[in-house]
Amino acid sequence: MENTDNILNEMQQQLRQMKEKLEGETIVNEKILRNAYRKTLGSLQRKALRQTIIGIVAMLLSLNLLNVGFSIPFVIATEVMLAFCLAATIIINNRLPKMDTDLVTAAKGIVRFRKGYANWLWIGIPLLILWLGGMVYEIMKNEAFPSEAKYAMLIGLGVGIVIGGAIGLILRHNILSKSDETLAQIKDLTSED
């Protein structure tokens, strides 16, 4: 009988030790997942900062359109459009959660960020079309440009649209993919709790 009690006590002790080891494994896995979440969130935050810097640089560079011969109203309209786009970008990017945010709040922030980022095309593309129409009009009506220069500028504008559009779509896809990856990691972390 005493031998059976010793065996039972020993089995209970081994069971407690196994539970402690398993709990340690869960903590390690959670740390790994949390580090992966922070890494992808950090990547999104860096891309958001890069977009803001590019917007500021674009606003500064567009002032050079005055030196080339574009009209003051067109340059002002360009600056206003770029300022609006920059403000919208900053607002959308501010939806990204901070690193120390709890996971439920972080998931809500990333969902809001992703939705705003995905819906931005509904505003950005009409603005771009409107601006491009103004640019073509400015190029064609400007008497200071020789006709060969006008066509060269239009070709350059077309090439810029194609290259810029491709880069923009690739960046958009990468950011939306990173958002989805971050949400999946948060789901993994919260499903273990």
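Rule-based calculations on the coordinates, nothing more; no lab input. Treat the numbers as computed from the prediction; the structure is a model and nothing was measured. Cβ placement follows ideal geometry from the backbone for every residue including glycine, while neighbour counts extend to all protein chains displayed.
Listing for the model above:
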read-out: Relative exposure of Leu176, Leu86, judged by other C-beta atoms within 10 Å (fewest first); value: Leu176, Leu86
read-out: Residue exposure sequence - Ile175, Ile90 - by fewest surrounding Cβ within 10 Å; value: Ile90, Ile175
read-out: Residue order, fewest to most surrounding Cβ atoms within 10 angstrom, among Met59, Met18, Met140; value: Met18, Met140, Met59
read-out: Nearby lysines by direct alpha-carbon distance to Lys178 (threshold 30 angstrom, same-chain neighbours under 8 apart not counted); value: Lys31, Lys39, Lys47, Lys98, Lys108, Lys115, Lys187
read-out: Net dipole in debye of the stretch 2-192 [+1 Lys, Arg Cβ; -1 Asp, Glu Cβ; about Cα centre; nearest 20]; value: 540 debye
read-out: Eligible lysines near Lys141 by straight Cα distance, threshold 23 Å, same-chain separation 8 or greater; value: Lys150
read-out: Of Leu189, Leu86, Gly168, farthest towards positive along the dipole that unit charges on Lys, Arg, Asp, Glu beta carbons give the stretch 82-193; value: Leu86
read-out: Ratio Rg/Rh [Cα only; Rh per Kirkwood] for the stretch 55-193; value: 1.13
